[in-house]
Amino acid sequence: MAELSAASGMPVATVKYYLREGLLQPGERTSPNQARYGEDHVQRLKLIRALLDVGGLSVATVGEVLAAVDSQAPTHEVLGLAQRALVGPAKEVDEESRAWALDVVTDLAARHGWKAEPESPSVAALVLTLCTIRDLAQAHDGLLARLDDYATLADRTAEVDLDTVTSLRSLDRIVEATVIGTVLGDRLFSALRRLAQSAESGRRFPQD
């Protein structure tokens, strides 16, 4: 246990907690008071830490993601579960606004080859965002008119994201990289976007 703690960088008490909660599989028992842990346990602890600390998921939700990983479910299905957990529940909007936004999302998804199931947390989050944009009268015309352009950028970003993780060998590492890449990638892209906006603004309005 002490060696596992040192290898993972987690306190012994934390490792024992994950064992009690069923997030970490027990090691191979070598004596009544000792067990042997391997690299798989170290990797699982890294995945747990990514889901809890980076992804901000609850222990119960982490358990659901790990159960899907251990069930040897298809990679696409496991990543979908992790992504849905990252998005979380969306706020409610009125029926008229929701119907309008769902129509927009459905048309957009058809053009880009996406699945847009109304019950999907990602769709719900996009619906809320579109409704908010429409409510801001001064901004919605430009943003909504460029929706396909943003979707095209999202397609390219998704390609880069998946290129980053598909070379990894285990599903544990793929899920870990997806969670970290999604959460920190959002922050990275946001910072890059602002730098690019500043540069583009300087090119377009050099005399202002």
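The values are calculated or read from the model by the stated rules, or taken from the named source; none is laboratory data. Computed from a prediction, not measured in an experiment: that's the story for all the values here. Positions of Cβ are generated from backbone atoms using ideal geometry, with glycine treated the same way; all protein chains shown enter the neighbour counts. Heavy atoms of the whole protein, side chains included, go into the accessibility calculation; ligands, DNA and RNA do not. Shrake-Rupley method; radii C 1.70, N 1.55, O 1.52, S 1.80 Å.
Side notes on the structure shown:
- Residues of the stretch 67-88 include none that is hydroxyl-bearing (Ser, Thr, Tyr), open to solvent by 40 Å² or more (accessible area, probe 1.4 Å) and farther than 29 Å from THR164 by Cβ.
- The one condition from (1) loosely packed, with under 15 Cβ neighbours inside 10 Å; (2) under 23 Å from ARG187 (Cα atoms); (3) of a type in the set (Gly, Ala, Ser) that ALA50 does not meet is (1).
- Within the stretch 1-36, the set of residues being of a type in the set (Phe, Trp, Tyr) and open to solvent by 60 Å² or more (accessible area, probe 1.4 Å) comprises just one member, TYR17.
- Filter result (more than 15 Å from LEU51 (Cβ to Cβ) and open to solvent by less than 60 Å² (accessible area, probe 1.4 Å)) within the stretch 171-199: GLY185, SER190, ALA191, ALA196, ALA199
- Members of the stretch 3-47 that are modelled with pLDDT under 85 and small (Gly, Ala, Ser): SER31, ALA35
- Checklist (1) at pLDDT 90 or above; (2) assigned to a helix (DSSP H, G or I) applied to ASP172, failing item: (1)
- Verdict on GLN72 being under 20 Å from the mean Cα position of the chain (by Cα) and at positive phi: yes
- Unmet criterion (only one of (1) small (Gly, Ala, Ser); (2) without any contact (Cβ under 8 Å) to a residue 40 or more places away in the chain; (3) surrounded by 10 or more Cβ atoms within 10 Å (Cβ to Cβ)) for ALA151: (2)
- Number of positions in the stretch 90-106 that are out of contact with any Cys (no Cβ under 9 Å at 6 or more places or on another chain), open to solvent by less than 60 Å² (accessible area, probe 1.4 Å) and modelled with pLDDT under 90: 1
- Lone qualifier among VAL15, VAL65 - being over 22 Å from ALA85 (Cβ atoms) and among the β-branched types (Val, Ile, Thr): VAL15
Conditions (1) part of a helix (DSSP H, G or I); (2) β-branched (Val, Ile, Thr); (3) under 23 Å from ARG84 (Cβ atoms); (4) modelled with pLDDT of 85 or more, marked per residue:
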| position | (1), (2), (3), (4) |
| --- | --- |
| LEU126 | yes, no, yes, yes |
| ALA139 | yes, no, no, no |
| ASP148 | yes, no, no, yes |
| GLU159 | yes, no, yes, yes |
| ASP163 | yes, no, yes, yes |
| GLY181 | yes, no, yes, no |
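- Only listed residue being farther than 24 Å from THR61 by Cβ, at pLDDT 90 or above and in contact with a helix residue (DSSP H, G or I) (Cβ under 6 Å, 6 or more places away or on another chain), chosen from LEU130, LEU143, LEU192: LEU130
- Taking the stretch 20-109 and the helices (runs of 4 or more DSSP H) fully enclosed by it, the elements with 1 or more residues that are under 25 Å from ALA125 (Cα atoms) and touching a residue at least 60 places away in the same chain (Cβ under 8 Å) are at 59-70, 75-87.
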